[in-house]
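Notes follow the structure.
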Amino acid sequence: GLHIKLPDDVEPKHAALFGVGGVAMRCCRKADLRIGDQFLVVGAGIVGQLAAQIANAMGARVTLCDVDERRLAVAREIGAAEEVVAVGTELWADQIADARFRAVLDVAGVPGMEDNLIRAAEHGGSVLFIAGRHKVEYTFNLAQGREITVKQNSHFDRSALDHLCRLVRRRLVTFAPIIQDVVPVAEAARVYDTL
C-alpha cells in the first residue's frame, strides 16, 4: 500500500504533504541525478520546492525558477537551490541558458514552454513532465537533434515515501517554510477548490 509508519520525530502536519513530496521524490529519482549535475526545476510551488531540496540532497546543482517573487523568496530562505531565478516567457531567454542542464523538471505546466525546456537541456539530457497535463507539444526535430529523453512522471510509490521520510528526519528536506496555512479537515474541500 501507499502508507508508511510515521516516526515520532516527524511533524504530522508535514507528513500531510508527503503525497506531493512523494511525487517530487519520484521525479528526482527518474531524473537519475548525479553529484554535480545541473538540474533545472521550473515552478517553485510545493512540488518544485521539494524537488529542489531532494535534488540538492542527491548532490545536484539546482536552479529553481518561477514567476512569483513570493515563491522565490521561500526558495532563497530554504537555500537548497544554488540559483533562484525570476522568469517569465519574455525573460526566459535572458535567464535560462541553452544546453546547460542535465535534466529539466517542469512542474509549472505552462502551455507552449516545451521547446524552451528542451533547449535548456544539454545534449543527451532529459526533460521531465508531471501529471496534470492534457497535451504536450514540442518540436520533434529540436529534441531529436539534442537526443533529449522525454519522461513522464506521476504519483508516487512507497519507496518514495520511505526515502522522503528519511530525508525529513535527517533535516535534508523541510516542509515548514512551504506551509502557508493549516486548516481543519472540515475545510479541506474549500482549500482544495481554492488551489
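Go ahead and estimate [θ] at 222 nm for the chain from helices alone: -39,500 (n - 2.57) per DSSP H run with n ≥ 4, summed, over the residue count, rounded to 500. Present the calculation step by step, with values, prior to reporting the outcome.
Working: 9 runs with 76 residues, N = 195.
Roughly -10500 deg cm²/dmol at 222 nm, from the helical runs in the chain.
Cα centroids of the range 131-172 and the range 76-120: 15 Å apart.
What the phi angles of the range 140-152 give under the Karplus curve with 6.51, -1.76 and 1.60, with θ = phi - 60°, is a coupling list of 4, 5, 5, 5, 5, x, 9, 6, 7, 9, 9, 10, 10 Hz, glycine and proline written as x. Counting only DSSP beta bridges whose two residues both lie in the chain, roughly 0 percent are antiparallel.
Could you order Lys5, Lys30, Lys135, Lys13 so the one with the most accessible surface comes first? Probe is 1.4 Å. Display every interim value, and only then the final one.
Values: Lys5 175, Lys30 80, Lys135 135, Lys13 100 Å².
Ranked from most to least accessible, the order is Lys5, Lys135, Lys13, Lys30.
Compared with the direct C-alpha span, the chain from Asp162 to Val10 gains 53.5 nm at full extension, assuming 0.36 nm per residue. For the residues Asp8, Asp32, a 1.4 Å probe over the protein chains yields an accessible-area ranking, largest first, of Asp8, Asp32. Across the chain, Cα-Cα pairs farther apart than 24 Å form 38% of the total. Taking Cα centre as origin and charging only the Cβ of basic (Lys, Arg, +1) and acidic (Asp, Glu, -1) residues, the dipole magnitude of the chain rounds to 680 debye. Listed by chain and number, the lysines whose C-alpha is less than 21 Å from the C-alpha of Lys13, apart from same-chain residues fewer than 8 away, are Lys5. Database remark: amide H of Leu105 closer than 5 angstrom to the amide H of Leu40, Val41, Val42, Leu128 (H placed geometrically; neighbours at sequence offset of 5 or more, or on other chains; Pro and chain starts carry no H). Highest mobility in the GNM of the chain, judged by mean-square fluctuation with C-alpha springs under 10 Å and restricted to Gln38, Gln95, Gln180, is found for Gln180. At the residue level, Tyr138 shows approximately 90 square angstrom of accessible surface with a 1.4 angstrom probe and all protein chains present. Among the protein heavy atoms, those of Leu2 account for about 90 Å² of accessible surface (1.4 Å probe, every chain in place).
The figure for Arg26 is an accessible area of roughly 80 square angstrom, using a 1.4 Å probe on the protein chains alone.
The values are calculated or read from the model by the stated rules, or taken from the named source; none is laboratory data. Keep in mind it's a predicted model, so treat the numbers as computed, not measured. All Cβ positions, glycine included, derive from the backbone under ideal geometry; neighbour counts span all protein chains shown. Areas reflect the complete protein model, heavy atoms only, side chains present, ligands, DNA and RNA absent. Shrake-Rupley method; radii C 1.70, N 1.55, O 1.52, S 1.80 Å.
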